[in-house]
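Data first, discussion second: the structure below is written as structure tokens.
The values are calculated or read from the model by the stated rules, or taken from the named source; none is laboratory data. Because the structure is a prediction, the values reported are computed rather than measured. Here Cβ is always computed from backbone atoms with ideal geometry, including for glycine, and neighbour counts include all displayed protein chains. Only protein heavy atoms, including side chains, enter the accessible area calculation; ligands, DNA and RNA are left aside. Shrake-Rupley method; radii C 1.70, N 1.55, O 1.52, S 1.80 Å.
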Amino acid sequence: MRQHNGRGETRPSLRGAQRESVHARNRLSSLKTNRRIKTTPSRASGVADIVGTLRERWGEIGANGISFHDVLAGLTVATVAIPLNVALSISAGLSPSAGLIAGGIGGLVAAAFGGSNFQVSGPAAALNVLVFGLVAEFGPGGAAAAALVTGLLSVLIAVLGYGKLSNHLPKIVLAGFTTGVGLKIFDQQLPVLLGVKDDLAVWHMVTHFAEMAWLREIDWLAVVCGITVAWIAVGLAHLKSFPSALLGIIIATFVAYELDWGIARVGEVDLKDLSFALPVLSDGKTWVSLILAALPLALLSGAESLISAKSIDEMSGGKSGYSPNAELFGQGMGNLVVGFFAGMPLAGVIVRTTVNFGAGARTRLAAMFHGLFLGGAAYFFGDSLGVIPLAALAGLLVTIAWRLIKVQYFIDALRANRLHAIAFLGAALGTLFGYLITGILLGCVVMYLDHLLEKRKLDGAKAGPILRPSPMIRAVVTKDGTATGEAHDGAVPLREAAVW
């Protein structure tokens, strides 16, 4: 509603102006509905979240009973996980049983106490480089000790209610980390696939490629095994629930065994002498130094588990019942148990989790059946697993390494924001050359710098130039909504100018 002031001008009434002001505030509030509400997690909130999630999920299982879909999904995931667990444990410098313990016992416990209905846990390729470093420094017991450290830290973070903090790691930094891991695995496993000496690294092959002398050292029978597994795994990758990797391993192992090829094998797999004991470190090594060395592994294990659980929750349309604190608690319990059984650190893995969901899993029982089937296969068929050629497992790991390398992420970052590309490179190169913490910190610092620069630009855009009314111009709004303007020579009374 507008009022005339006696001089022909119109201006809004006080009541109308107040009403418009209220509407404007309401519109502004509606635009802020997606703002982040800051809450301070507490120990009570973390424990309540964990207890509430577990009570609700297990209550659903008690009400509905065991589903045949869960049994079938668990069997499918186990067939995919067996060769992966064996390959990852061997590439980390451990016995095959360490990976099978992590996937069998640890996967079962993590599923029972976790915060996702579909998450499957076990040895993770993204963590394998860190595990390899710990084994090289602290001996085989270093992997089990690192699992204890990872478990304790994960449980502590979950109980304190800070499970969501691990999600704050920038995605571009995480992509750089996985790329560095993929390059490192490729560097470690390519010589195994070719059957050459351990000291014949990929860099040596590249720099001396023209000489071709290294070709004489290749074991072509090992190459056949590795290429067969890689070809089958890649060729049948579109069949999400089909254990293509297992099929490739079986074919390569059968041919190599029947033809009596003299190539390196996995060796003895024995789970019949399991014992519950505290890990033993190498001579001269202390637990304090191990804890400090294992902290990055613990944090990254939690981050990967939460990212995997969040991804499958989005993929399933929210049916996984995802709870960050409960998921970290489950991963912590799994790592704690594995540490006392001479296993290796575990994490939630997106590949096996996706297979589990695609195979028709309904509840967390599917992941628990996966652990039972995996442990049973290792216990009763350990002799058969021992004749698998190492080159066949290397062929599988090379395909996994290729999937971990995120070249497109780097190309997109280079086009869109070069600071993001620098963060990616820092994390990737730091991981590749053994400076993991430095690389990830560098990536996070660069991303924070980019955040500050973007914030400054936004603040500057919001501030903009300050526009003040000029006494030289008069604007008149009529009843029909049209507006007219007049320019004056400045000889306008100050009081009348103030009214405008």
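Would a scan of region 141-148 turn up a residue that is open to solvent by 10 Å² or more (accessible area, probe 1.4 Å), within 18 Å of G106 (Cβ to Cβ) and not aromatic (F, W, Y)?
The answer is yes; a qualifying residue exists.
Here are G176, G180, G161: which of them is in a loop (DSSP other than H, G, I, E, B), within 21 Å of the chain's Cα centre (by Cα), modelled with pLDDT under 90 and not aliphatic (A, V, I, L, M)? Don't jump to the end; show me each part of the working.
Numbers: G176 fails: in a loop (DSSP other than H, G, I, E, B); G180 fails: in a loop (DSSP other than H, G, I, E, B).
Of the residues listed, the single one that is in a loop (DSSP other than H, G, I, E, B), within 21 Å of the chain's Cα centre (by Cα), modelled with pLDDT under 90 and not aliphatic (A, V, I, L, M) is G161.
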Does L84 qualify as being over 24 Å from L246 (Cβ atoms), in contact with a helix residue (DSSP H, G or I) (Cβ under 9 Å, 6 or more places away or on another chain) and not in a loop (DSSP other than H, G, I, E, B)? no
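With at pLDDT 80 or above, part of a helix (DSSP H, G or I), open to solvent by 40 Å² or more (accessible area, probe 1.4 Å) and among the β-branched types (V, I, T) as the only criterion, which of V229, V255 stands out? Steps first, answer last, please.
On the way: V229 fails: open to solvent by 40 Å² or more (accessible area, probe 1.4 Å).
Matching residue, one of V229, V255: V255.
Which of the residues belonging to region 364-393 are within 30 Å of F68 (Cβ to Cβ), aliphatic (A, V, I, L, M) and open to solvent by less than 30 Å² (accessible area, probe 1.4 Å)? Before you say what the answer is, go through the steps one by one.
Taking region 364-393 first, the residues within 30 Å of F68 (Cβ to Cβ) are 364-382, 384-385.
Next cut, aliphatic (A, V, I, L, M) only: 365-368, 372, 374, 377-378, 385.
Of everything in region 364-393, those that are within 30 Å of F68 (Cβ to Cβ), aliphatic (A, V, I, L, M) and open to solvent by less than 30 Å² (accessible area, probe 1.4 Å) turn out to be L365, A366, A367, L374, A377, A378, L385.
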Could you please find all residues in region 271-285 being surrounded by fewer than 19 Cβ atoms within 10 Å (Cβ to Cβ) and either within 23 Å of V80 (Cβ to Cβ) or free of Cβ contacts under 8 Å to residues at least 12 places away in the same chain (or both)? D273, D283, G284
Among all residue pairs at least 6 apart or on different chains, which show Cβ distances below 8 Å where the first residue, located in region 289-300, is in contact (Cβ under 8 Å) with a residue 40 or more places away in the chain and under 13 Å from V135 (Cα atoms) and the second is of a type in the set (V, I, T) and in a helix (DSSP H, G or I)? L290/V149; A294/V149; A294/T150; L297/V131; L297/V149; L297/T150
Check D450 against each of (1) over 18 Å from the mean Cα position of the chain (by Cα); (2) open to solvent by 80 Å² or more (accessible area, probe 1.4 Å) and name the one condition it does not meet. (2)
Looking at V192, V196, can you tell me which residue is over 26 Å from R364 (Cβ atoms) and outside any loop (DSSP other than H, G, I, E, B)? V192
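Checking the condition in contact (Cβ under 8 Å) with a residue 12 or more places away in the chain, within 28 Å of S275 (Cβ to Cβ), open to solvent by less than 10 Å² (accessible area, probe 1.4 Å) and in contact with a strand residue (DSSP E or B) (Cβ under 8 Å, 6 or more places away or on another chain), which residue from A98, A110, A87, A78 passes? Spell out how you get there, then give the answer.
Details: A98 fails: in contact with a strand residue (DSSP E or B) (Cβ under 8 Å, 6 or more places away or on another chain); A87 fails: in contact with a strand residue (DSSP E or B) (Cβ under 8 Å, 6 or more places away or on another chain); A78 fails: in contact with a strand residue (DSSP E or B) (Cβ under 8 Å, 6 or more places away or on another chain).
So the residue among A98, A110, A87, A78 that is in contact (Cβ under 8 Å) with a residue 12 or more places away in the chain, within 28 Å of S275 (Cβ to Cβ), open to solvent by less than 10 Å² (accessible area, probe 1.4 Å) and in contact with a strand residue (DSSP E or B) (Cβ under 8 Å, 6 or more places away or on another chain) is A110.
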Report the residue count in region 400-421 for those that are in a helix (DSSP H, G or I) and either under 20 Å from the mean Cα position of the chain (by Cα) or within 29 Å of P83 (Cα to Cα) (or both). 13
Are there any pairs, at least 6 apart or on different chains, whose C-beta atoms fall under 7 Å, with the first in region 56-70 and open to solvent by 80 Å² or more (accessible area, probe 1.4 Å) and the second hydrophobic (A, V, I, L, M, F, W, C) and at pLDDT 90 or above, and if so, which? I66/L365
Does V338 satisfy the condition of being surrounded by 24 or more Cβ atoms within 10 Å (Cβ to Cβ) and β-branched (V, I, T)? yes
Residue count for region 394-419, restricted to those that are open to solvent by 40 Å² or more (accessible area, probe 1.4 Å) and at pLDDT below 85: 1
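Open to solvent by 40 Å² or more (accessible area, probe 1.4 Å), at pLDDT 85 or above and more than 17 Å from the chain's Cα centre (by Cα): is that true of L193 in this structure? Spell out how you get there, then give the answer.
Numbers: open to solvent by 40 Å² or more (accessible area, probe 1.4 Å): no; at pLDDT 85 or above: yes; more than 17 Å from the chain's Cα centre (by Cα): yes.
The answer is no for L193.
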Among the numbered conditions (1) at pLDDT 85 or above; (2) open to solvent by less than 20 Å² (accessible area, probe 1.4 Å); (3) in contact with a helix residue (DSSP H, G or I) (Cβ under 6 Å, 6 or more places away or on another chain), tell me where L130 comes up short. (2)
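Condition (residue is of a type in the set (F, W, Y) and assigned to a helix (DSSP H, G or I)) applied to region 282-294: is it met by at least one residue? Walk me through how you get there before you give the answer.
Filtering region 282-294 down to residues of a type in the set (F, W, Y) leaves 287.
Going one step further and asking which of them are assigned to a helix (DSSP H, G or I), we end up with 287.
Yes: region 282-294 contains one or more residues that are of a type in the set (F, W, Y) and assigned to a helix (DSSP H, G or I).
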